[in-house]
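*Asks:* My questions will all concern the structure given below.
Read the figures in this text as sums done on the coordinates, not as results from a lab. Keep in mind that this is a model prediction, so the values were computed, not measured. Here the Cβ positions follow ideal geometry from the backbone for every residue, glycine too, while neighbour counts run over all protein chains shown.
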Amino acid sequence: MNSQAKIVVVGAGIIGSSIAFQLTRRHQNVTVIDARRPGQGATLASYAWINSRDKSPREYQDLNRRSLDMWPRFARELKDDIGLRWGGEMRWSATEEGAVALREHAEQLRSWGYPVTEITKDQARIMEPGVVMDPFTSGVYCAIEGHVDTQRVVKACLNRVEQSGGTVIANDGIASMNVEAGHGGQSGVTSITLKSGRIVECDVLVLAAGYETTSVAAMAGIEFPQSQSPGATIVTDPQSPIFRTVVCMHTPRDLPEPLMNIRQFANGSVMIHGGTHNGSLGDSSDDDAAKLITEISRFMPTLAGAKSIEIRSGMRPMPEDGFPVIGFAESVPNVYMAVMHSGVTLAALTGEFAALEILDRAEIDLLAPYRLERFTAAKR
Ligand SMILES: Cc1cc2nc3c(=O)[nH]c(=O)nc-3n(C[C@H](O)[C@H](O)[C@H](O)COP(=O)(O)OP(=O)(O)OC[C@H]3O[C@@H](n4cnc5c(N)ncnc54)[C@H](O)[C@@H]3O)c2cc1C
């Protein structure tokens with residue numbers, strides 16, 4: 001694609017920002033548009049654990065693993081402190097049935113080459129003396145996982161876009177699209193109109209508007225089914241370091257809800273993610289946040305006095321079958337879609353692969369299972 005081509009990215013979450021950054025690295029002039037301030041969607045609420053843990057089938061596990069392995073390079077290329085922390089994740093079980101499930105899952109992941117190792121209670125205690133793990137029927141540790149500060153990633157990507165001559169338009173959502181029939185009878189989006197009335201011309205339109213991509217894509221006549229998956233995290237005031245070895249920890253999955261995930265930012269603030277993919281934290285109120293802190297203090301007593309200073313909530317981008325949608329839309333071939341859960345883990349791969357598909361017209365076979373047309377094909 002010639003470097004004068006007008007590429008417009010709608011959505012400045014971690015996915016749109018990563019794609020815009022990779023296009024910029026390839027000397028492409030990019031315009032990024034967001035209805036809000038960049039990074040305020042699912043990317044803000046995200047627990048941002050970089051992992052390939054609860055993923056199947058194997059090809060999807062591999063996709064996430066590949067992206068996990070691409071993160072250090074992505075971070076180096078950004079040339080900024082993005083709060084990327086490695087150190088791994090630990091979890092344990094509290095019942096005998098839970099121990100069987102934890103061990104079986106770890107065994108399957110190891111057979112896929114994913115290094116989840118079993119640890120004894122004594123080992124777990126030495127690794128994390130500040131965490132109360134009682135009862136403890138089995139434990140696992142995965143040393144290759146990490147987490148990242150998503151706000152810093154978005155900022156770093158968009159800084160590079162602007163420094164290279166690209167444009168970032170914030171607080172001005174897309175209102176409509178001009179779709180025209182092109183050569184060969186195929187339609188294409190030639191320009192978009194923003195809520196302010198501003199018109200932005202495009203040769204390629206990247207839709208990375210997270211959960212809102214369904215309504216945005218509909219403006220081009222593209223049908224894209226998503227499930228509703230609200231989620232939330234709370235952030236506490238700064239606390240002294242809670243972990244010695246790991247950077248992420250999950251409370252036992254075989255105890256009654258809330259299931260909790262915990263990580264700590266460089267400034268000491270702790271992020272707690274409570275809940276499942278079907279919902280989190282009830283109504284995301286201050287009461288919920290206080291309840292989570294009380295619950296987590298059972299496992300991490302030093303957090304007993306922590307205060308919630310921020311509740312971050314958002315809709316997970318969740319294509320109907322739970323897998324990503326990445327690639328050009330067949331019905332409007334200059335529209336490239338990039339919508340997924342686990343978008344923090346997958347951001348490193350998605351940015352790089354999208355640039356290859358958009359600029360080099362590559363058809364990456366690893367992305368074949370994740371094309372939009374699997375939904376339309378299912379209807380035929
Ligand atoms: C509670 C929670 C926990 C999570 N935990 C993890 C985790 O541990 N690991 C992991 O890998 N993933 C996790 N995820 C998923 C991950 O955060 C998302 O997949 C990822 O952030 C999606 O990024 P995105 O850029 O696609 O979407 P978003 O961050 O939602 O960004 C979309 C952007 O599009 C903009 N937009 C919307 N409509 C318009 C419009 N009309 N015009 C212009 N702009 C528009 C929005 O303002 C927004 O900035 C979690 C998500 C949640 C909610």
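*Asks:* Give me the percent of DSSP beta bridges within the chain that run antiparallel, rounded to the nearest 5. Let's see the in-between values first.
*Replies:* Working: 48 of 65 bridges.
Antiparallel bridges make up about 75 percent of those DSSP assigns within the chain.
*Asks:* If you bin every alpha carbon distance in segment 282-380 into 10 Å steps from zero, what whole percent lands in each bin?
*Replies:* Binned Cα distances yield the sequence 13, 32, 20, 16, 16, 3.
*Asks:* For L356 and K291, FRET efficiency with R0 = 56 Å and r from the beta-carbon atoms, rounded to 0.05? Don't skip to the end; give the middle numbers.
*Replies:* Numbers: r = 46 Å, r/R0 = 0.82.
E between K291 and L356, to the nearest 0.05, is 0.75.
*Asks:* Would you please put 241-249, 70-78 in order of how densely packed they are, using the mean number of other Cβ atoms within 10 angstrom per residue and starting with the highest? All intermediate terms of the calculation are to be shown ahead of the outcome.
*Replies:* Values: 241-249: 18.9, 70-78: 16.8.
So the order, starting with the most tightly packed, is 241-249, 70-78.
*Asks:* Between N171 and E201, what is the label-to-label distance in nm when each label sits 7 Å out along the Cα-to-Cβ direction?
*Replies:* Distance between the two pseudo-spin positions: 2.8 nm.
*Asks:* Output the relative contact order of the chain, whole-number percent, from Cα pairs under 8 angstrom with separation of 6+ residues.
*Replies:* Contact order relative to length: 24 percent.
*Asks:* Using each residue's phi in segment 326-336, evaluate 6.51 cos²θ - 1.76 cosθ + 1.60 at θ = phi - 60° and report the 3J(HN,Hα) Karplus result to the nearest Hz, with x for Gly and Pro.
*Replies:* Result, ordered by residue: 9, x, 5, 7, 4, 6, 9, x, 9, 9, 10 Hz.
*Asks:* Measure off 7 Å from each Cα along the Cα-to-Cβ vector at A377 and H27, then give the distance between these two points in nanometres to one decimal.
*Replies:* Output for this residue pair reads 3.7 nm.
*Asks:* Quick check on the chain: helices-only [θ] at 222 nm, where DSSP H runs of length 4 and up contribute -39,500 (n - 2.57) each and the sum goes over total residues. Nearest 500, please. Let's see the in-between values first.
*Replies:* On the way: 10 runs with 118 residues, N = 380.
My calculation for the chain gives -9500 deg cm²/dmol from helical runs alone.
*Asks:* Can you figure out the FRET efficiency of Q186 with E96, using R₀ = 41 Å and their beta-carbon distance, to the nearest 0.05?
*Replies:* Efficiency for this residue pair is about 0.10.
*Asks:* Shifting gears a bit: State log₁₀ I(q)/I(0) for segment 1-53 at q = 0.19, 0.24, 0.30, 0.32 Å⁻¹ as given by the Debye formula over alpha-carbon point scatterers of equal weight, solvent excluded.
*Replies:* The calculated log intensity ratios at q = 0.19, 0.24, 0.30, 0.32 Å⁻¹ are -0.69, -0.89, -1.12, -1.20.
*Asks:* May I pose another question? Can you figure out the FRET efficiency of D81 with E162, using R₀ = 22 Å and their beta-carbon distance, to the nearest 0.05? Walk me through the intermediate numbers first.
*Replies:* Details: r = 18 Å, r/R0 = 0.83.
After rounding to 0.05, the efficiency reads 0.75.
*Asks:* Check the straight Cα-Cα distances from K121 and name the lysines below 27 Å, setting aside those fewer than 8 residues away within the same chain.
*Replies:* Partners found: K55.
*Asks:* Moving on to the next point. Which semi-axis lengths, in whole Å and largest first, follow from the square roots of five times the eigenvalues of the Cα gyration tensor of segment 13-126?
*Replies:* Numbers: eigenvalues 241, 49, 42 Å².
For segment 13-126, the semi-axes come out at 35, 16, 14 Å.
*Asks:* Moving on. Below 8 Å between Cα atoms, with a sequence gap of 6+, how large is the relative contact order for segment 25-155 in percent?
*Replies:* Values: 157 pairs, mean separation 46.8, N = 131.
About 36 percent, as a whole number.
*Asks:* Let me ask something else about it. Using a cut-off of 27 Å between alpha-carbon atoms, which lysines can reach K291, once sequence neighbours fewer than 8 places away in the same chain are excluded?
*Replies:* In chain and number order, the partners are K307.
*Asks:* Which lysines have a Cα lying under 21 Å from the Cα of K79, excluding residues fewer than 8 positions away in the same chain?
*Replies:* Within reach: K155.
*Asks:* Give the distance, in whole Å, between the Cα centre of segment 312-333 and the Cα centre of segment 1-33.
*Replies:* 18
*Asks:* What whole number of Å gives the distance from the Cα centroid of segment 46-60 to the Cα centroid of segment 206-271?
*Replies:* One Cα centre to the other: 13 Å.
*Asks:* Under the Kirkwood approximation applied to all pairs of distinct alpha-carbon atoms, what is the hydrodynamic radius of the chain in Å? Could you put the intermediate results ahead of the total?
*Replies:* On the way: mean 1/r = 0.0464 Å⁻¹.
The answer is 21.5 Å.
*Asks:* Place a point 7 Å from Cα of S215 in the direction of its Cβ. Which residues in segment 350-380 have their backbone N less than 20 Å from it?
*Replies:* Those under the cut-off are none; the list is empty.
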